[in-house]
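Working notes, structure below.
The values are calculated or read from the model by the stated rules, or taken from the named source; none is laboratory data. Note that this is a predicted model, so its numbers are computed, not measured. Cβ: placed from backbone, ideal geometry, glycine included. Neighbour counts: every protein chain shown.
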Amino acid sequence: MTAEPANTVLSVDGLTKDYPGVRAVDNVTFSINTSSVHCLVGENGAGKSTLVKMLTGALEPTNGKMSVNGQAYAPSSPQEARDGGIATLFQELHVVDELTVLENLTLGMEKTRFGFFVKSDLEDRVIQTLATIEPSIDPRARVSTLSVAQKQIIEIARAASSGASIIIMDEPTAALSEREVERLFTVIRRLRENNVTVIYISHKLDEIFELGDTVTVLRDGKHITTCPLSDVDGRGALIEMMIGRTVFQTYSPRGAIGDKVVLKAENLTNTLLKNVSFDIKEGEIVGFYGLVGAGKTEVARALFGADPFDGRVTFHDKSGGKSPKEAIAKGIALVPEERRTQGLFTSLTIRENVPVMNLPRVTSKGVFKAADVRDASHGYVRQLGIATSSIEKHTEKLSGGNQQKVVLAKCLFSQADLLLLDEPTRGVDVGAKTEIYDIIKDLADEGNAVAVFSSELEEVLGICDRIFLMFDGHLQEEILNGPDVDIAHILNVVTGGQDSQHQEIAL
């Protein structure tokens, strides 16, 4: 590594991370100046999360070097990263509501001797740090009485008082109101004034331009550029750097779409969703596309009766299910985003998983029809191409793609008329993705309605007939898929572009 400028706080040189068959981060090299807000941007799958995990000691690089404040830096754990001067704030808050602000600030940092606490200047130091960052927060207040933004500030103060010279913030405004966002920005600017560098990760490009000094763009695991934001000619130029290629599209118009509306949603509203309205037709594949915190999963959970909401859902001209049990009974099935924890009983076999969403189908007068379950399981193994030596194989031993196919088999066995697929190909290889896409198209061709909730633009452009663009809980725009789709416009809308306006969808 060549000599670094005196104002460099972090350098990465040739950083690479390989997984079997995949290079997630590819020879990335850049540096970050001290006392700055350095923004990290890129599409989903660009390599941001993997890079951050290497910076924070959660992953070991395959190749490459890092340095912090001119010293070699190779953390083997998040604790070593903190000791080396890098702290991280994730979207999920790590505070204890039952404790006071002061107790949270000092938690895990107390001095001990022979198992007993030893008096130190720790409390005075953290109180002084909190007062510098946000003097309005009372150190004696119980954390449960504070807002989400104030809890974030506690985490920031804790990181700063630990001596961190770099604080990584991953989508910190996802759960904040506009007023709370402004307060957070004020805190970040104070950190910069106190010689703390912030690495700021956000899909909201307006925040990047308002807050950032410099930006690093990643694309397909590669470093595209690091430059002052003052050198970037607006959102359009930044989006062009993020895309840098033609998005792979395989969509071709389908003839199976009917005129009959299967589901109509009107003004869905809850803690995140804001008056979301749309419809889905028989034989149609619709896509809900947006970035982190946009509300895609919340729409799926509302339609499945898993989350409460205001508004109205009608399915086949009748009221939708108010619980997952009711939704399944009415003909709605969900493939959840977290297949291992929410979609499968991993301790059970393929055969035991398949019938669980429609047990009445395999019982007669209280007698379980085991032969029917075996026949159905064998049929889905063949139909979906599940790679297994036996239907008696436990699903925890299957690959990610084959686990996803078992979840699909459960939904197919339920004989649902509407399939809700939340991130249906997350964590599966390219071959399994293609197979799952073919299954989705076949289901729609047979007259089933399918809704795909995805953060992968290639996915929704490849298989969906209509695409609903979401940002910050709003359904911003409806796009009819086809060869003339404007990719830059889509990314502008889902990142909160000022020229995109919320459009009420006529029902």
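Sort out which residues of segment 34-58 are crowded, with 17+ Cβ neighbours inside 10 Å and over 20 Å from the mean Cα position of the chain (by Cα), and write them in order of number.
34, 36, 37, 38, 57
Residue check, residue 118 against (1) farther than 23 Å from residue 35 by Cβ; (2) at pLDDT 80 or above, all met but one. Which one?
Residue 118 satisfies all of (1) farther than 23 Å from residue 35 by Cβ; (2) at pLDDT 80 or above except (2).
Looking at (1) part of a loop (DSSP other than H, G, I, E, B); (2) assigned by TED's automatic domain parsing to the domain that holds residue 361, which is the one condition that is false for residue 424?
Answer for residue 424: the failing condition is (2).
Is at least one residue of segment 143-150 under 28 Å from residue 185 (Cα atoms), among the hydrophobic types (A, V, I, L, M, F, W, C), at pLDDT below 85 and part of a helix (DSSP H, G or I)?
Yes.
Is there a residue in segment 378-387 that is hydroxyl-bearing (Ser, Thr, Tyr) and closer than 21 Å to residue 421 by Cβ?
Scanning segment 378-387 turns up at least one residue that is hydroxyl-bearing (Ser, Thr, Tyr) and closer than 21 Å to residue 421 by Cβ.
Name the one entry in 98, 92 that is assigned to a loop (DSSP other than H, G, I, E, B) and at pLDDT below 80.
Only one candidate qualifies: 92.
Residues being under 25 Å from the mean Cα position of the chain (by Cα) and within 16 Å of residue 465 (Cα to Cα): count how many of those fall in segment 257-278.
Selection size over segment 257-278: 1.
For segment 347-369, give me the residue count where each residue is crowded, with 16+ Cβ neighbours inside 10 Å, in a loop (DSSP other than H, G, I, E, B) and at pLDDT 80 or above.
2
Considering only segment 290-311, I want to know if a residue exists there that is in contact with a strand residue (DSSP E or B) (Cβ under 9 Å, 6 or more places away or on another chain), of a type in the set (S, T, N, Q) and in a helix (DSSP H, G or I).
Yes, that holds for at least one residue.
Is there a residue being surrounded by fewer than 19 Cβ atoms within 10 Å (Cβ to Cβ), of a type outside the set (Ser, Thr, Tyr), assigned to a helix (DSSP H, G or I) and at pLDDT 90 or above anywhere in segment 80-89?
yes
Residues of segment 458-469 being part of a helix (DSSP H, G or I) and at pLDDT 85 or above, which ones?
459, 460, 461, 462, 463
Find all pairs meeting these conditions: Cβ atoms under 8 angstrom apart; at least six residues apart or on different chains; first residue within segment 225-246 and touching a residue at least 40 places away in the same chain (Cβ under 8 Å); second residue buried (at least 16 other Cβ atoms within 10 Å of the Cβ) and among the hydroxyl-bearing types (Ser, Thr, Tyr).
As it stands, the answer is 226/31; 226/214; 226/216; 229/214; 235/495; 239/495, since those pairs meet every condition given.
Restricting to segment 411-438, give me the number of residues that are under 16 Å from residue 350 (Cβ atoms) and modelled with pLDDT of 85 or more.
The qualifying residues number 0.
Any residue in segment 284-305 that is surrounded by fewer than 20 Cβ atoms within 10 Å (Cβ to Cβ), out of contact with any Cys (no Cβ under 8 Å at 6 or more places or on another chain), acidic (Asp, Glu) and not assigned by TED's automatic domain parsing to the domain that holds residue 409?
In the first step, residues of segment 284-305 are kept if they are surrounded by fewer than 20 Cβ atoms within 10 Å (Cβ to Cβ); the result is 292.
Keeping just the survivors that are out of contact with any Cys (no Cβ under 8 Å at 6 or more places or on another chain) gives 292.
Pick out the ones that are also acidic (Asp, Glu) and you get none.
No, segment 284-305 contains no residue that is surrounded by fewer than 20 Cβ atoms within 10 Å (Cβ to Cβ), out of contact with any Cys (no Cβ under 8 Å at 6 or more places or on another chain), acidic (Asp, Glu) and not assigned by TED's automatic domain parsing to the domain that holds residue 409.
Could we say that residue 309 is more than 27 Å from residue 483 (Cα to Cα) and either surrounded by fewer than 15 Cβ atoms within 10 Å (Cβ to Cβ) or of a type outside the set (Asp, Glu) (or both) here?
Working: more than 27 Å from residue 483 (Cα to Cα): yes; either surrounded by fewer than 15 Cβ atoms within 10 Å (Cβ to Cβ) or of a type outside the set (Asp, Glu) (or both): yes.
Answer is yes for this residue.
Going by the conditions given, is residue 162 free of Cβ contacts under 8 Å to residues at least 12 places away in the same chain and out of contact with any Phe, Trp or Tyr (no Cβ under 7 Å at 6 or more places or on another chain)? Break it down stepwise before answering.
On the way: free of Cβ contacts under 8 Å to residues at least 12 places away in the same chain: no; out of contact with any Phe, Trp or Tyr (no Cβ under 7 Å at 6 or more places or on another chain): yes.
No.
Just the residues that are in contact with a helix residue (DSSP H, G or I) (Cβ under 7 Å, 6 or more places away or on another chain) and more than 23 Å from residue 259 (Cα to Cα), please, taken from segment 322-339. Spell out how you get there, then give the answer.
Step one: list which residues in segment 322-339 are in contact with a helix residue (DSSP H, G or I) (Cβ under 7 Å, 6 or more places away or on another chain), which gives 332-337, 339.
Listed by number, the residues that qualify are 334, 335, 336, 337, 339.
Across segment 321-346, what is the total count of residues that are under 22 Å from residue 309 (Cα atoms) and either in a loop (DSSP other than H, G, I, E, B) or not acidic (Asp, Glu) (or both)?
Within segment 321-346, the subset under 22 Å from residue 309 (Cα atoms) is 321-338, 342.
If we keep only those that are either in a loop (DSSP other than H, G, I, E, B) or not acidic (Asp, Glu) (or both) too, we end up with 321-325, 327-338, 342.
Adding up the residues that qualify gives 18.
Which pairs have Cβ atoms under 8 Å, sit 6 or more apart or on different chains, and link a residue in segment 467-484 that is in contact (Cβ under 8 Å) with a residue 40 or more places away in the chain and among the aromatic types (Phe, Trp, Tyr) to one that is surrounded by 19 or more Cβ atoms within 10 Å (Cβ to Cβ) and part of a loop (DSSP other than H, G, I, E, B)?
So the pair list comes out as 471/290; 471/291; 471/294; 471/495; 471/496.
Table: residues versus (1) buried (at least 19 other Cβ atoms within 10 Å of the Cβ); (2) within 26 Å of the chain's Cα centre (by Cα); (3) not aliphatic (A, V, I, L, M).
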{"position": "375", "(1), (2), (3)": "no, no, yes"}
{"position": "381", "(1), (2), (3)": "yes, no, no"}
{"position": "387", "(1), (2), (3)": "no, no, no"}
{"position": "394", "(1), (2), (3)": "no, no, yes"}
{"position": "404", "(1), (2), (3)": "yes, yes, yes"}
{"position": "407", "(1), (2), (3)": "yes, yes, no"}
{"position": "433", "(1), (2), (3)": "yes, yes, yes"}
